[in-house]
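Novice: Once you've had a glance at the structure underneath, I'll fire off some questions.
Read-outs: derived from the displayed coordinates by stated rules, not from any lab. Values in this document were obtained by computation on a predicted structure and should not be read as measured data. Because the Cβ atoms are built from the backbone with ideal geometry, glycine has one as well, and the counts that use them run over all protein chains shown.
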Amino acid sequence: MMSKFFYFIGFLLLISTYAQAKPKTTVITNYSIDKFAQIKVTNETNKRLACYVSIDGYKIRFRLQARRTSRWFKATDKRFKPTSLSHWCDYLELYPDYKKYKAY
């Protein structure tokens, strides 16, 4: 009986760890009025995030406040498509070196 209890507790710990693994973000990509690819990231959590947007390998690093949306980041060449742009975000307390970057 006791072993079933420990298995149940272990299962709950596994689920709770997995549920908090990645922050929830929403990404919008499209073309600007002048036909350049652009990207915008929205933070759907109540915590600050460390983020970057990558345009052809060039990373723009920034902090994203809780429940906020970043500004539009635009490519510099019209040959880029919205699928060429990528992003990454994680909790700011895991990456303290991102505190020196601009907050949006």
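Novice: Note down the magnitude of the dipole of the chain about its Cα centre, charges +1 on Lys and Arg C-beta and -1 on Asp and Glu C-beta and zero elsewhere, to the nearest 20 debye.
Specialist: Working: 20 positive and 7 negative charges, 69 e Å.
Once rounded to the nearest 20, the dipole reads 340 debye.
Novice: Give the residue list of trypsin sites (Lys or Arg not before Pro) in the range 30-97 that are DSSP loop and have at most 16 other beta-carbon atoms within 10 angstrom.
Specialist: Loop-located and lightly packed - 35, 47, 67, 68, 71, 78, 79.
Novice: If you line up the Cα atoms of the chain on their principal axes, what length do they span on each, largest first, in Å?
Specialist: Principal axes ranked by extent give 67, 28, 23 Å for the Cα atoms.
Novice: Set the Förster radius R0 to 22 Å, insert the Cβ-Cβ distance between residue 45 and residue 102 as r into 1/(1 + (r/R0)^6), and round the FRET efficiency to 0.05.
Specialist: According to the calculation, E is roughly 0.70.
Novice: Which angle from 0 to 90°, rounded to the nearest 10, does the C-alpha axis of helix 2-19 make with the longest principal axis of the chain?
Specialist: It is inclined by approximately 10 degrees.
Novice: Would you tally the net charge around residue 76, using a Cβ to Cβ cut-off of less than 12 Å, leaving residue 76 out, and scoring K and R as +1, D and E as -1?
Specialist: The answer is 0.
Novice: Top mean-square fluctuation among 62, 73, 11, Gaussian network model of the chain, C-alpha springs under 10 Å?
Specialist: Evaluated over the chain, the most mobile residue of the options is 11.
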